[in-house]
Each structure stands twice: as structure tokens, then as C-alpha cells.
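Q: First, the structure itself, so that you have it in front of you.
What follows is calculated from the coordinates using simple rules that are stated; it is not laboratory data. None of these values were measured; they are calculated from a predicted model. Backbone-built Cβ (ideal geometry, glycine too); neighbour counts: all protein chains shown.
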Amino acid sequence: MAVDHRIVHAGGGGHGKIRLRPGPAAGHRDRVLIRRETGRDADVIRAVTTAAFAAGRPPGQIPNEAGLIDDLRAGPAWLPALSLVAVTPAGEVIGHVLGTRGHVGQDPVVAIGPLAVRPDRQRRGVGSALMHAVLGAADALGEPLAALLGDPAYYRRFGFELSAIYRITPPKPDWQPHFQVRTLTRDHPRLHGMFTYPEPFDRT
Ligand SMILES: CC(C)(COP(=O)(O)OP(=O)(O)OC[C@H]1O[C@@H](n2cnc3c(N)ncnc32)[C@H](O)[C@@H]1OP(=O)(O)O)[C@@H](O)C(=O)NCCC(=O)NCCS
């Protein structure tokens with residue numbers, strides 16, 4: 001288990017020695033590592049994604065997000081460095097996030113999604129770890145900006161803001177209240193216009 005060491009004052013009167021004592025672990029309650037997907041991960045990514053998206057849908061409705069990932073992987077928008085999995089100490093893949101090639105006007109940017117965590121492992125920081133990792137990786141690759149469609153209440157914590165602030169419009173106008181961008185280090189002010197997802201998103 002990860003242990004954080006908090007500085008505490010031993011003794012009274014404000015003159016006590018400073019010592020360290022173990023405190024509750026900060027951050028993840030489940031320890032996971034984030035790594036790039038490998039050739040062996042496609043099946044488990046499909047299973048995790050299907051389970052995560054099925055949880056919010058009527059029974060029997062098969063989510064198409066898993067098929068979307070397969071279609072993206074087979075096409076030109078695939079960015080191998082931005083397909084990341086969360087792996088438990090036992091080696092089990094329990095989450096996945098994807099970044100693929102989107103555009104603002106003619107300029108290349110990153111389209112984020114799908115993001116999925118296996119339902120029995122949600123609300124333990126795994127989704128956050130994946131999102132921070134994919135944004136860090138995109139920044140390290142020199143990408144200027146990442147965009148996604150999602151709930152601002154969740155994505156705000158990762159630095160996403162409504163795209164309208166940057167004069168970036170979603171492909172469908174009614175997405176505006178949920179369409180967000182996260183600027184990265186290489187962001188430049190002339191990057192504005194309509195965002196387009198890679199083609200497989202049009203089929204979902
Ligand atoms: C969204 C998702 C990836 C989050 O994964 P996670 O590992 O549970 O996320 P974290 O543990 O890092 O964060 C959990 C927090 O996010 C919040 N959260 C999760 N989904 C949210 C949403 N749609 N809107 C607002 N808050 C949300 C939770 O309430 C929780 O808040 P708390 O920490 O204050 O209790 C996961 O819920 C999931 O797979 N959902 C189904 C698929 C999906 O909707 N993906 C996103 C759209 S592409």
C-alpha cells in the first residue's frame with residue numbers, strides 16, 4: 001500500500017521536533033499503472049468499454065463505443081501513443097482511454113474518447129489517472145489541444161473548458177454545452193473554427 005508521510009509536530013509549545021508519521025494514502029485507493037496498449041489488449045479493451053457504457057443504458061442495448069475503438073485502430077486517425085490502459089498489480093486491464101487525430105479547421109488536434117473504467121472499479125481514481133496520463137502524453141507529443149464531448153462537471157477537473165471560449169465550435173451546434181477543449185503547451189491563438197472528429201465517429 002502507498003503511504004504518505006505527513007509532517008507533524010511532536011511535543012508542545014511549538015518547539016517540538018518535526019518527525020514523519022504515516023498518514024492515509026493520498027490519491028488512488030486502487031493502485032494502477034498506466035501504459036500504452038499492446039497488441040494483446042484489444043479484446044480486453046473491447047470488454048471493458050462495453051461493460052462501462054452498457055451500465056448506463058437499457059438492458060440488451062449493446063454500446064457501439066467498443067466497435068468505434070476497433071474502427072479507429074484500423075484507420076489513419078489512430079495515434080498509438082494515445083491509446084492507454086490502466087492495469088492492476090495483477091496485470092488486469094480495468095480501464096482505457098483513447099486519443100485520436102481530430103482537427104480544428106485544418107489544424108491537427110487530439111480527439112479524446114472513449115474513456116471507460118470497468119464498472120466494479122469506478123470511483124477510485126482510475127478514470128482520473130487515465131485522463132491525466134493521456135493529456136500528459138498528448139502534451140509531450142507536441143499536440144496543441146485536446147477536445148471531447150462530455151459532462152463539464154467531470155472534465156473541468158482536468159482543465160477542460162467549454163470550447164466556445166476559444167472560438168472552437170463542435171461539429172453539431174447542439175453539442176455546445178458539453179463540448180470542451182483542454183489547451184496544451186503548444187496551443188496557439190489562431191487555432192479556432194469547427195472541430196471535426198475522425199471519420200469513424202460519424203458512424204456512431
Ligand atoms: C466516466 C468514468 C470513466 C469515470 O471513471 P472513474 O474511475 O469512476 O473516475 P474517477 O474515480 O477518477 O472519478 C470519479 C468521480 O467522477 C465523477 N463522475 C464520473 N462520471 C461523471 C459524470 N458523467 N459527470 C459528473 N461526474 C462524474 C464521480 O461522481 C466521482 O466524483 P467524486 O470523486 O467526487 O465522487 C467511468 O464512470 C465510466 O467508465 N463511465 C462509463 C463510460 C463513460 O461515460 N465514459 C465517459 C464518456 S466518453
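Q: Going by the conditions given, is G102 in a strand (DSSP E or B) and within 9 Å of the ligand (Cβ to nearest atom)? Break it down stepwise before answering.
A: Details: in a strand (DSSP E or B): yes; within 9 Å of the ligand (Cβ to nearest atom): no.
So G102 does not fit the description; no.
Residue by residue, here is whether (1) crowded, with 19+ Cβ neighbours inside 10 Å; (2) under 14 Å from the mean Cα position of the chain (by Cα); (3) among the hydrophobic types (A, V, I, L, M, F, W, C) holds:
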site: L115; (1), (2), (3): yes, yes, yes
site: A147; (1), (2), (3): yes, yes, yes
site: A153; (1), (2), (3): no, no, yes
site: W175; (1), (2), (3): no, no, yes
site: F195; (1), (2), (3): yes, no, yes
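Q: Count, please, the residues in the range 172-204 that happen to be assigned to a loop (DSSP other than H, G, I, E, B), more than 16 Å from the ligand (Cβ to nearest atom) and in contact (Cβ under 8 Å) with a residue 12 or more places away in the chain.
A: Total satisfying the criteria: 7.
Q: Go through (1) farther than 19 Å from M194 by Cα; (2) within 14 Å of the ligand (Cβ to nearest atom) and name the single condition A146 misses.
A: Condition (1) is where A146 drops out.
Q: Moving on. Taking the range 118-132 only, how many residues are under 24 Å from R101 (Cβ atoms) and either away from the ligand (no atom under 16 Å from the Cβ) or buried (at least 19 other Cβ atoms within 10 Å of the Cβ) (or both)?
A: So the count comes out to 4.
Q: Hey, another quick one. Yes or no: the range 66-85 includes at least one residue that is outside any loop (DSSP other than H, G, I, E, B), within 9 Å of the ligand (Cβ to nearest atom) and over 13 Å from the mean Cα position of the chain (by Cα).
A: Within the range 66-85, none of the residues are outside any loop (DSSP other than H, G, I, E, B), within 9 Å of the ligand (Cβ to nearest atom) and over 13 Å from the mean Cα position of the chain (by Cα).
Q: Being closer than 15 Å to R40 by Cβ and not small (G, A, S) is the filter here, so list the residues in the range 71-83 that pass it.
A: R73, P80, listed by residue number.
Q: If V109 satisfies all but one of (1) buried (at least 16 other Cβ atoms within 10 Å of the Cβ); (2) away from the ligand (no atom under 15 Å from the Cβ); (3) part of a helix (DSSP H, G or I), what's the number of the condition it fails?
A: The failed condition is (3).
Q: Filter the range 98-111 down to the residues that are without any contact (Cβ under 8 Å) to a residue 40 or more places away in the chain and within 19 Å of A47 (Cα to Cα) and list them by number.
A: L98
Q: Scan the range 112-145 for residues that are within 25 Å of G56 (Cα to Cα), part of a strand (DSSP E or B) and of a type in the set (A, V, I, L, M, F, W, C) and jot them down.
A: I112, L115, A116, V117
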